[in-house]
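J.: Take a look at the following structure, please.
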Amino acid sequence: MMRRFSDLSIRRKLSVLLLLSSGIGLVVAATALISYAFSTNRAAAERDLQTLAQVLADNSTAAVAFQDREAARDVLVGLRAKPEVEYACVYAGDSAPALFATYGRLAAGGCPVRLMAGDEAQASELLNVRTPVVLDGEHIGVLLLGQNLSVLTAALQAQIKLTLVILGVSFIVSFAVAWWLQRDLTRPILNLA
């Protein structure tokens, strides 16, 4: 049967208090690190995808302006180098852009025939960006780009595993230090008894 805290010896109370305070501090620090890693990794992925979308939109300008679907597809084929990109959709037109060219595994289901506001809504497993195709300051189309978050998820899982290992090692070190400290702190008191 587990003894109550008040029934423990001074040595045990000191050990429990030292371990408890160290453990709480370690868990708070680990939680903060994981939260920070998630938010910064996601923000970096969004920035990278937005940059890629802007490059593709810029490279698609001539194809959209001259209604050359094959040239637009050729621009999108370069996405083979990024397997995490699920789809890319180029739309031509200003007010209600119509599907012009597609790329990717989800191209058929991922690209609506007509692009309306909100069609790039974020799904939990996809990161989507929408970038205008601009010629001489005039919007002539839109590029919609979607990337799966598997790389981001894998990186976060690796970070969580590493953090848990560090947390475990830190707790073992804290236990050893607490044992050593309580032994030195309680020895004079026990000698008086």
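The values are calculated or read from the model by the stated rules, or taken from the named source; none is laboratory data. For clarity, every value in this text was computed on a predicted model and none was experimentally measured. Cβ placement follows ideal geometry from the backbone for every residue including glycine, while neighbour counts extend to all protein chains displayed. These area figures cover heavy atoms from the full protein model, side chains too; ligands, DNA and RNA do not enter into them. Shrake-Rupley method; radii C 1.70, N 1.55, O 1.52, S 1.80 Å.
J.: Please give the calculated 222 nm ellipticity per residue for the chain, where each DSSP H segment of at least 4 residues contributes -39500 (n - 2.57) and the sum is spread over every residue; nearest 500 deg cm²/dmol?
T.: Values: 4 runs with 112 residues, N = 193.
One gets -21000 deg cm²/dmol as the mean residue ellipticity at 222 nm.
J.: For percent of Cα pairs over 22 Å apart, several values are listed as (1) 44; (2) 68; (3) 62; flag the one computed from this structure.
T.: (3)
J.: Let me ask something additional. In terms of solvent-accessible area of protein heavy atoms at a 1.4 angstrom probe, what is the ranking of 70, 46, 84, highest value first?
T.: Ranking 70, 46, 84 by accessible area, largest first, yields 70, 46, 84.
J.: How big is the accessible area of residue 15 in square angstrom, nearest 10, if you roll a 1.4 angstrom probe over the protein chains?
T.: Looks like 20 Å² after rounding.
J.: Continuing with this model, one more query. For residue 127, what accessible area in Å² do you get when you roll a 1.4 Å probe over the heavy atoms of the protein chains, rounding to the nearest 10?
T.: Near enough 0 Å² of accessible area.
J.: Counting heavy atoms of the protein chains only and a 1.4 Å probe, report the per residue accessible area for the chain as a whole number of Å².
T.: 62
J.: Next question. Please name which of 29, 129, 88 has its Cα lying farthest along the dipole of the chain towards the positive end, using unit charges on Cβ (Lys, Arg +1; Asp, Glu -1) and the Cα centre as origin.
T.: Of the candidates, 29 comes out farthest on the positive side.
J.: Roll a 1.4 angstrom probe over the protein heavy atoms and tell me the percent of accessible area of the chain that is carbon or sulfur.
T.: Solvent-exposed carbon and sulfur of the chain make up 64 percent of the total.
J.: Can you give the net charge of the other residues whose Cβ lies under 14 Å from the Cβ of residue 178, counting K and R as +1 and D and E as -1? Walk me through the numbers on the way to the answer.
T.: Values: positive: 11, 12, 13, 183; negative: 184.
So the surrounding residues net to +3.
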